[in-house]
Amino acid sequence: MIDVPSHHLVYGTLNDFVTGEELADTDDERTRQDLSKMMVRDLGYAKENLEPRRFIETLFSSQFVRSNIELAVKFEGKIFMLIRYGPGSLVSRERAAIAAARVLESKYQIPLAVVTNGRDAELLDAKTGKIVATGMEAIPSREQAKKMFTDLEFRDAPEEKKREGELRILNAFDVQICCR
């Protein structure tokens, strides 16, 4: 049986658009699937360019948190952008998305992060934390990614102290007390 927090209405199951994996059919999962479909059908990425359901696990002050990354997006074999989804306000999700982009990969920092609620989006520069563009059209197409790829800076992974700081930010921003 698929484990889903109790506050989600479960309609049954669905198959993941990218992997075919069977998942719980919830409103949030339907939005995640729509994002994957948009990336392939509208923005020109191959399914092989998308890594769904990546995550980062943290434990600070006895608080275990699993921070989800809906999609890690690759170009030329390198993840250059991650997408985080959550219903509601985008501004409250920006800092955690930047933190995730800085620590998800062990060898480098992902240069771009997207926060979206499925209707709106912000493209963020993970180095500066600044908003680069807004709206769903801010999510770069594969063709746009191709043009911008050589200008993106894949900085080295942060040193241990800075990495821990980013992980603490993820832990604090992503803790979910509602499901206890």
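Among the residues of region 140-163, what is the count of those that are aromatic (Phe, Trp, Tyr) and either part of a helix (DSSP H, G or I) or at positive phi (or both)?
Total meeting the criteria: 1.
Taking the options 122, 105, 137, 166, name whichever one is in a loop (DSSP other than H, G, I, E, B) and either among the charged types (D, E, K, R) or farther than 15 Å from residue 93 by Cβ (or both).
Only one candidate passes the filter, namely 105.
What's the total number of residues in region 118-135 that are surrounded by 13 or more Cβ atoms within 10 Å (Cβ to Cβ), in contact with a helix residue (DSSP H, G or I) (Cβ under 8 Å, 6 or more places away or on another chain) and either over 17 Å from residue 170 (Cα atoms) or charged (D, E, K, R) (or both)?
The qualifying residues number 7.
Test residue 121 against the criterion of being within 25 Å of residue 57 (Cβ to Cβ) and under 13 Å from the mean Cα position of the chain (by Cα), and give yes or no.
It is false that residue 121 is within 25 Å of residue 57 (Cβ to Cβ) and under 13 Å from the mean Cα position of the chain (by Cα).
When both residues are 6+ apart or on different chains and their Cβ atoms are under 8 Å apart, which pairs have a first residue that lies in region 141-153 and is closer than 25 Å to residue 37 by Cβ, and a second that is modelled with pLDDT under 95 and part of a loop (DSSP other than H, G, I, E, B)?
Here the result reads 149/76, each pair linking region 141-153 to a residue that is modelled with pLDDT under 95 and part of a loop (DSSP other than H, G, I, E, B).
So the check is Cβ under 7 Å with 6+ separation or different chains; which pairs have a first residue in region 94-111 that's of a type outside the set (Phe, Trp, Tyr) and a second one that's modelled with pLDDT under 95 and surrounded by fewer than 23 Cβ atoms within 10 Å (Cβ to Cβ)?
95/173; 96/173; 96/174
Regarding residue 132, is this residue closer than 22 Å to residue 29 by Cα, β-branched (Val, Ile, Thr) and in contact with a strand residue (DSSP E or B) (Cβ under 6 Å, 6 or more places away or on another chain)?
No: the conditions fail for residue 132.
Just checking, which of 143, 159 is among the acidic types (Asp, Glu), within 17 Å of residue 74 (Cβ to Cβ) and loosely packed, with under 14 Cβ neighbours inside 10 Å?
One residue alone meets the criteria, 143.
Which residues, counting only those in region 68-94, are surrounded by fewer than 19 Cβ atoms within 10 Å (Cβ to Cβ) and closer than 18 Å to residue 155 by Cα?
Of everything in region 68-94, those that are surrounded by fewer than 19 Cβ atoms within 10 Å (Cβ to Cβ) and closer than 18 Å to residue 155 by Cα turn out to be 74, 75, 76, 77, 78.
Step by step: first the residues of region 13-67, then only those that are touching an Asp or Glu at 6+ places or on another chain (Cβ under 8 Å) and under 21 Å from residue 138 (Cβ atoms), then the one that is surrounded by the most Cβ atoms within 10 Å (Cβ to Cβ). Which residue is that?
The extreme case among them is 32.
The values are calculated or read from the model by the stated rules, or taken from the named source; none is laboratory data. All of these numbers come straight from a predicted model, not from anything done at the bench. When we count neighbours, we look across all protein chains shown, and the Cβ atoms used for this are built from the backbone with ideal geometry, even at glycine.
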